[in-house]
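The structure under discussion appears below in the form of C-alpha cells.
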Amino acid sequence: MIDPIDAGIIPDAPVLSPQEALADFVVEPGFDVDLIAAEPDIVAPVALTFDGDGAIWVVEMRAYMEDIEGSTEDKPIGSIRVLRDLDGDHEYETVSTFLDGLVLPRAIAIANGGLLVAEPPNLWFYENDNYVAGQKTLVDSTYAVGGNPEHQPNGLVRAIDNWIYSAKADFRYRFRNGVWEKDKTEYRGQWGISQDDYGRLFYNHNSATLLGDNLTPGVMHYNPHHEIRSRNFGAPKASNKVYPIRINPGVNRAYRKVTLDDEGKLDNMTAACGPVIYRGTNFPASYYGNAFVMEPAGNLIKRVVLKDSSGVVSGSFPYEGREFLASTDERFRPVNSYTAPDGSLLIVDMYRGVIQHSTYLTEYLQRQIKARGLEQPLDLGRIYRVKRSDAPLGEQPGLIGMPSSELVKQLQHGNGWWRDTAQQLLIERDDHSIARQLRDLARDDSRPVSQVHALWTLEGLQLLTITDLERAARTARSAKVTTNVLRLAAGFSESRAASRALALIENTRGGGREIELQRILSMHSFRENYEDRVLDRLAGLSSTHSSNQEFVDAIVGGLSGVETRFMERLADTRISESEPLYASLEQARFGEQMRPVLTALDPGSEHADFLNRGRAAYNRDCSMCHGRDGKGLAATAPSLIRSKWVLQNPETVIKIVLDGLSGPIEVNGQVLDEDDVLDVMPGFRNSEAMSDEELAALVSYVRNGWSNRAGLVEASRVEQ
C-alpha cells in the first residue's frame, strides 16, 4: 500500500478548542455557526433527539474505537445526556445524565413520555421520571444482532404514518393498544435516516450521498415470482462528488486511485451519513426540503437541493467547487444532523481522530493514525447550531403541557418538528375530545401538509373513518393529500367499510403518476375479499401502463398466486408480447406454476427456516457491500449472481466467508482491482456473533438466492 501523499506536505491535526474549531469553519455566506455544547458536558456524541419542551437528548458512544484494535468496545461507559434551556434564551445551561453504564448505545427516540434506547442487541424503553431514568422494559431483543457498530440498525425516526423506522434495518415499530408492534418494511441505508413533509424516507450509505424513496413506506407489494426493476425505493438522489478544503490522506483507502483527486483531497463520498431533510423556519424558504449530508472523512457537510416532479424526487448541488460547510480540522467528524425546534440545523460532531471501525481498518490508515497522533484524545465532542445570520431563532417549545386543542393548531406550524411532535403527543394522550378539530383540519385544503397530519393523527387515535377519507378526497387539491387518502383507505380492507374504501380508491378523481400508482398499490390490499373486482379493475388499468416499468412492478407485485387468472383477463387487450407487463407476467406465471417444484426457497419447504436465517444474516452482514439484490455496489464489492466463486466448489465460498479475501479478483470474466472494488473483504472466522450453522445458512442462501441455484451447505462443512 503506497502512500499517495508525501508525508512532508500533510498538515498536522492538532486538537482544536471549540472556539478554535468555530473559527476554522467555512460556511455558506449568510449563515453562522454557534456552539450548543462541548466536552466535558458531552463526549463522543453520535445522535440526538428533542422532547416536546425542546430538551436535547444526546447519545454518547464513548467506548467506540478507544484503540485501533477496538478492544474495549464492551465497556459499559456509554450514556444518555440531557441538555435543557430553562430560561428560553437558546443557551443550554443545564446538563444532566439520564442514563449511563451502556454498551455502545446508538440511537434514541422519545416515546410515550419515556425514551427508546438502542443498545445492541436490544431495544429498550425507559420511563422518564423528571429526567431521571425509571423502569426499563425490553421492546426487542433482536434490534441489532451481530455485525459491528458501522453496520447495525440505528435512527429510530418517527414518520408521519406513526411508525418508527431505522436505518440499516428492514423492520419498524409502533406502540398501539398497550403493545409494541414490529413489522417488516423496506431495507434502508446505513447510518442516519430522515423524512420529508409527506413521510417519504431518505438515508444513505458510506459511498452514496443520498438515497431516498419516491413512495411512502409499506405501500409496495412483493411477489416472489417477480423481480422489482424500478427504483422507487433507495434511488440515488445526487452525485457523490465532494469538495473538501483540506487534503485527506486519513481516509481508509486513500491509496486507491479513485479515492483522492490530484490535490490529495477526497474526490467522492466515502463516509456519507446522518442525512436530514431540513424542515425548519430559520433558513431562507428556498432551503426548506433540502437535504444536508454529513461527510466526516472529508470534514464537511453537503447541501442537496431536492425537487419533486409528480412524486419522483431528484437532487442537485446548488453550487460546484464548494460545500455548505467545511473545515480544515481533521478531527471535525459530523455524524448526524437534525432540524431543531427553533428552526436551526443542529450538527453532531463526534470530534475525534479515528472514526473507521477496526473491522475495516487498513494498514495504510493505521500508519496515518500513528503519524499524526489521531488515536487520542477520546474525551471530546461537540454539538453545533447552524442558523441564518440575519434571522432570529424561533421560540423554544412547550408542548408537553400544552392543552390538546392547542396542540392541534401546531399541526399547521411552519416547522416540521413542531407538526411531528404535536401529532405524536396527541396520539400518546389518546384524547378523543379533539376529533372534531382534526376532522375540520383534514378537510381544510389551504395547507395540504396539515391535512395529511390531521388524517394520520386520526389514524393514530384509531378514530379515522371512511367518511373522513371520503371528505378529504373531495376537498383535496394536492396530489400528496390524495395519495395519502388512498394509502389510508387500504387500511380498511378487512373492515365493514371495505367496499366503500375500495370504491373510494377506484373512483377518487385525479390522475397523474402519483395518484394512479397509489391507486394500484392500494387496490391490492382488497384482493383477498374482492378478487374478481380488483383483478378486473387492474386489467383495465394495465393497458394504459403496460410499458411503464414502475407501474408494471406495482401491478405484478401484488398478484402472487393469481398471475394466470390475471393473464386470462388480458386476453382481449392489445398488450404486446414485447411490452414489460407481458414479459413480467409470463415470468411470474411460470414461477407460480413451478412453485410446487422449486421448493428450495419456498416459504412452505423443509429448508425455509434455514434459508430465511441465511437471508437475515446476509442482509445484516453482507448487503451493505454486495447489495440486497446480490448485484454488488460500484467501487465496493462484486456481484454474487452467477459467480463461479459462489456456485462451484462450496469449500471455496466457505473459506472466503471465513477468512476474507484481498487483492484483485476475477468475476464473470472480468478482473476487478482496487479501482473497481474494495481490496479487502473481512472474514467471519473469529466472529463470536456468527455460528457455524448460521454461516452455513448464509452461504446456502447466497448459493440459492436471486437467480443462483446450487447445493445447500451443512454446518459440518463449515466446522471442518
Conditions (1) in the same structural domain as ILE369 (by TED's automatic domain parsing); (2) out of contact with any His (no Cβ under 8 Å at 6 or more places or on another chain); (3) modelled with pLDDT under 95 -> VAL242 fails only (3)
Taking region 76-97 on its own, how many of its residues are part of a strand (DSSP E or B), farther than 23 Å from TYR165 by Cβ and not basic (Lys, Arg)? 7
Any idea how many residues of region 316-366 are over 30 Å from ASP390 (Cβ atoms) and not small (Gly, Ala, Ser)? 16
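Please specify each residue of region 234-253 satisfying the condition of being polar (S, T, N, Q) and touching a Ser or Thr at 6+ places or on another chain (Cβ under 6 Å).
ASN240, ASN252
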Just to verify a result, which residue in region 121-146, among those that are surrounded by fewer than 21 Cβ atoms within 10 Å (Cβ to Cβ) and within 25 Å of GLN356 (Cβ to Cβ), is modelled with the highest pLDDT? PRO121
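Just to check your reading of the model, which residue among GLN368, GLN356 is modelled with pLDDT under 95, in a loop (DSSP other than H, G, I, E, B) and crowded, with 20+ Cβ neighbours inside 10 Å?
Matching residue, one of GLN368, GLN356: GLN356.
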Filter result (at pLDDT below 95 and touching a Leu at 6+ places or on another chain (Cβ under 7 Å)) within region 180-203: ARG188, GLY189
Collect the residues in region 425-460 that are of a type outside the set (Gly, Ala, Ser), in a helix (DSSP H, G or I), more than 21 Å from ARG474 (Cα to Cα) and touching a Ser or Thr at 6+ places or on another chain (Cβ under 9 Å), keeping them in residue-number order. LEU425, LEU426, ILE427, ARG429, ILE434
Top-ranked residue in region 47-75 [being within 22 Å of the chain's Cα centre (by Cα) and in a loop (DSSP other than H, G, I, E, B); ranked as surrounded by the most Cβ atoms within 10 Å (Cβ to Cβ)]: MET61
Residue match in region 290-303 (condition: of a type in the set (Asp, Glu) and within 18 Å of GLY274 (Cα to Cα)): yes
Looking at this structure, is ARG174 surrounded by 14 or more Cβ atoms within 10 Å (Cβ to Cβ), within 28 Å of ARG615 (Cα to Cα) and either among the hydrophobic types (A, V, I, L, M, F, W, C) or in contact (Cβ under 8 Å) with a residue 40 or more places away in the chain (or both)? no
Between a first residue in region 117-137 that is without any contact (Cβ under 8 Å) to a residue 12 or more places away in the chain and in the same structural domain as ILE80 (by TED's automatic domain parsing) and a second residue that is assigned to a strand (DSSP E or B) and surrounded by fewer than 16 Cβ atoms within 10 Å (Cβ to Cβ), which pairs have beta carbons less than 6 Å apart while being 6 or more apart in sequence or on different chains? GLN135/GLU127
Which numbered condition trips up ALA254, out of (1) among the aliphatic types (A, V, I, L, M); (2) surrounded by fewer than 23 Cβ atoms within 10 Å (Cβ to Cβ); (3) more than 21 Å from the chain's Cα centre (by Cα)? (2)
Looking at region 469-497, which of its residues are over 12 Å from ALA442 (Cα atoms), crowded, with 23+ Cβ neighbours inside 10 Å and small (Gly, Ala, Ser)? ALA489
TYR187 versus (1) surrounded by fewer than 23 Cβ atoms within 10 Å (Cβ to Cβ); (2) in a loop (DSSP other than H, G, I, E, B); (3) in contact (Cβ under 8 Å) with a residue 60 or more places away in the chain; (4) aromatic (Phe, Trp, Tyr): which is the lone unmet condition? (2)
Search result, residues across region 267-293 that are under 24 Å from PRO4 (Cβ atoms) and either under 20 Å from the mean Cα position of the chain (by Cα) or assigned to a strand (DSSP E or B) (or both): ASN268, MET269, THR270, ALA271, ALA272, CYS273
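The values are calculated or read from the model by the stated rules, or taken from the named source; none is laboratory data. Note that the structure is predicted; figures quoted are calculated from it, not measured. Neighbour counts run over all protein chains shown; Cβ positions are idealised from the backbone, glycine included.
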